[in-house]
Amino acid sequence: MAYTLITKLDKFNSKENNVQVWLNDVAKAITANNWDDAKVIQAISYFLQDTADAWYQSLTVKSQNFNGFKTEFLQYFSNNNSIKKLANTFTTIKQKDTEAVTTYLGCFYRNLH
């Protein structure tokens with residue numbers, strides 16, 4: 001299945017990505033790419049990797065809209081591990097020598113939302 005993407009959407013890996021940040025990115029991509037619920041549900045598994053893909057494939061009943069998917073996704077992937085990953089992210093973010101302060105602070109903002 002081929003879609004022309006106006007905005008890029010990264011794949012979700014539960015070991016590397018913040019759940020809420022990724023879902024916010026999905027919502028932005030849905031709007032920018034003008035996807036309806038049918039397209040989102042049809043394409044969402046392409047953007048899931050490893051544990052997330054296995055979780056999605058194991059669902060016997062899949063949501064028919066993004067809000068339903070989002071609720072199920074959050075229930076499964078939002079847990080203490082997310083808090084640990086976020087804490088680790090905040091303690092390891094380093095400003096690069098040539099990086100603007102606003103760019104550096106943007107890393108914190110993106111991880112919070």
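The values are calculated or read from the model by the stated rules, or taken from the named source; none is laboratory data. Given the structure is predicted, the values throughout are model-derived calculations rather than measurements. As a convention, Cβ positions derive from the backbone with ideal geometry for all residues, glycine included, and neighbour counts pool all protein chains shown. Just so you know, the surface numbers come from the protein's heavy atoms only, side chains and all, with ligands and any DNA or RNA stripped out. Shrake-Rupley method; radii C 1.70, N 1.55, O 1.52, S 1.80 Å.
What the table shows:
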{"quantity": "Neighbours by Cβ (under 6 Å, 6+ apart or cross-chain): first from region 85-108, modelled with pLDDT under 85; second polar (S, T, N, Q)", "calculated": "THR89/ASN111; TYR104/GLN95"}
{"quantity": "Test: THR60 is more than 20 Å from LYS8 (Cβ to Cβ), open to solvent by 70 Å² or more (accessible area, probe 1.4 Å) and in a helix (DSSP H, G or I)", "calculated": "no"}
{"quantity": "Meets criteria (open to solvent by 90 Å² or more (accessible area, probe 1.4 Å), hydroxyl-bearing (Ser, Thr, Tyr), part of a helix (DSSP H, G or I) and at pLDDT below 90) for THR51", "calculated": "no"}
